[in-house]
Amino acid sequence: KYFLTQAAASALILFSSVVNAQTTGQWNILQLDSPMAQTLLTVALAMKLGLAPAHFWLPEVMQGSSFMTGLIIITWQKLAPMTLLLLTWNQSSMITITTMGSLSVVIGGLGGLNQTQLRKVVAFSSIAHLGWMATIITKSNKLALLNLIMYILISTPMMLSLIFSSTK
């Protein structure tokens, strides 16, 4: 699931770049002038981040991985897509980002309620936190960056404590 989802999202980013290059005549992904390119990039980054409705892969991948791999997935793997979203937030579709963010907060919160497996709880928590980041980014990209930093600074020690306390 992880490989196919990430590959599809990468293909969408490339397609967004091609559409933008065709429209503007330049290969600068930070200058999105085409609404189609903006929407494609936003959806692709949502898939990479695990935002709803493209969150389907995250709980299953987290459940099937070790805590160390889970740590990498919920922290390190979020840096590049979130950075690109932070760089293009003022050109992205605000309605799409807000809708995905709000949906992620609800799905992350409700999805984690009935879970008995710790890794899935962490995955749904990650979905909810990324939903808050996506919602915040439409108002202030600096606040969203602070939120991302705080999320990583809190998630890393939590996952490390699970790694060191887990039984083999």
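A few remarks follow.
- Across region 83-97, the qualifying residues are those that are of a type in the set (Val, Ile, Thr) and in contact (Cβ under 8 Å) with a residue 12 or more places away in the chain, and the one among them that is surrounded by the most Cβ atoms within 10 Å (Cβ to Cβ) is Ile97.
- Lone qualifier among Gly64, Gly50 - being under 18 Å from Ile136 (Cα atoms) and of a type in the set (Gly, Ala, Ser): Gly50
- Only one of the listed residues (Thr116, Thr98, Thr69, Thr156) is under 30 Å from Gln31 (Cα atoms) and not small (Gly, Ala, Ser). That residue is Thr98.
- Test: residue in region 33-56 that is in contact (Cβ under 8 Å) with a residue 40 or more places away in the chain, closer than 30 Å to Ser165 by Cα and outside any loop (DSSP other than H, G, I, E, B): yes
Yes/no matrix, rows are residues, columns are (1) within 15 Å of Leu71 (Cβ to Cβ); (2) among the charged types (D, E, K, R); (3) within 13 Å of the chain's Cα centre (by Cα):
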position	(1), (2), (3)
Gly108	no, no, yes
Thr116	no, no, no
Val121	yes, no, no
Trp132	no, no, yes
Asn141	no, no, no
Ala144	no, no, yes
Leu148	no, no, yes
Ser166	yes, no, no
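No lab work stands behind these numbers, since they all come straight from the coordinates. Every value quoted in this text rests on a predicted model; they were computed, and no experiment measured them. For neighbour counting, all protein chains shown are included, and Cβ atoms are generated from backbone atoms with ideal geometry for every residue, glycine included.
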